[in-house]
Amino acid sequence: MRPSVAGEPPSSGRRVAPLTTAVYSAAEWDLLTDLPGRVLVAAASPGPGRPPRGVAAGLAGLDAVAAGRAFDSDLVRAVVSAIYARHDGAADRDERLTDLVDLLAACRAAVRVLRRRADPADGAAYRQWVESVAARVCRAGDAGASPADRRFLGRLAGALDLR
């Protein structure tokens, strides 16, 4: 078996995990890779004062997740790669996807993990990217973001320590 060269897949055909992921425990990595999907679902879910979302909003959220591939952050690109590589039904395993209290707690936990382990620029890029997923969903469609959407986005930004 031939050893792999940096950036080249090993001869087995599988890519080695990026160095970025090596500093996170499995639980921390799961948190960071699950959070964008949880945010997308929460932003797309109707709530008090929040309008129901259509397909366009979901697509806008998926587009925002995919946009992370072009970020100038190794962490964001590694998270997007992990999201797209999943085949384990991870999005289906958490029944609390739209519970706002749990989502905000997960955001705060992610911020703590990022402060401990991530390069500050990567941590900031990740937090901004996750917020952009929700913002695109809330602003999709003809009506744009409602006052309740703006409150949701404000709470999310606060939990992500962007305010």
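The values are calculated or read from the model by the stated rules, or taken from the named source; none is laboratory data. Quantities reported herein were computed from a predicted structural model and do not represent experimental measurements. Positions of Cβ are backbone-derived with ideal geometry, glycine not excepted, and every protein chain shown enters the neighbour counts.
Observations, loosely collected:
- Residue match in segment 96-104 (condition: loosely packed, with under 14 Cβ neighbours inside 10 Å, among the acidic types (Asp, Glu) and at pLDDT below 90): no
- Contact map, segment 21-50: first residue more than 15 Å from residue 155 (Cβ to Cβ) and without any contact (Cβ under 8 Å) to a residue 60 or more places away in the chain, second residue assigned to a helix (DSSP H, G or I) and not aliphatic (A, V, I, L, M), Cβ cut-off under 8 Å, separation 6 or more or different chains; pairs are 29/21.
- For segment 122-144, the tally of residues that are over 21 Å from residue 107 (Cα atoms) and surrounded by 17 or more Cβ atoms within 10 Å (Cβ to Cβ) stands at 1.
- Any hit, segment 113-121, residues being closer than 14 Å to residue 61 by Cβ, touching a Ser or Thr at 6+ places or on another chain (Cβ under 9 Å) and either basic (Lys, Arg) or in a helix (DSSP H, G or I) (or both): no
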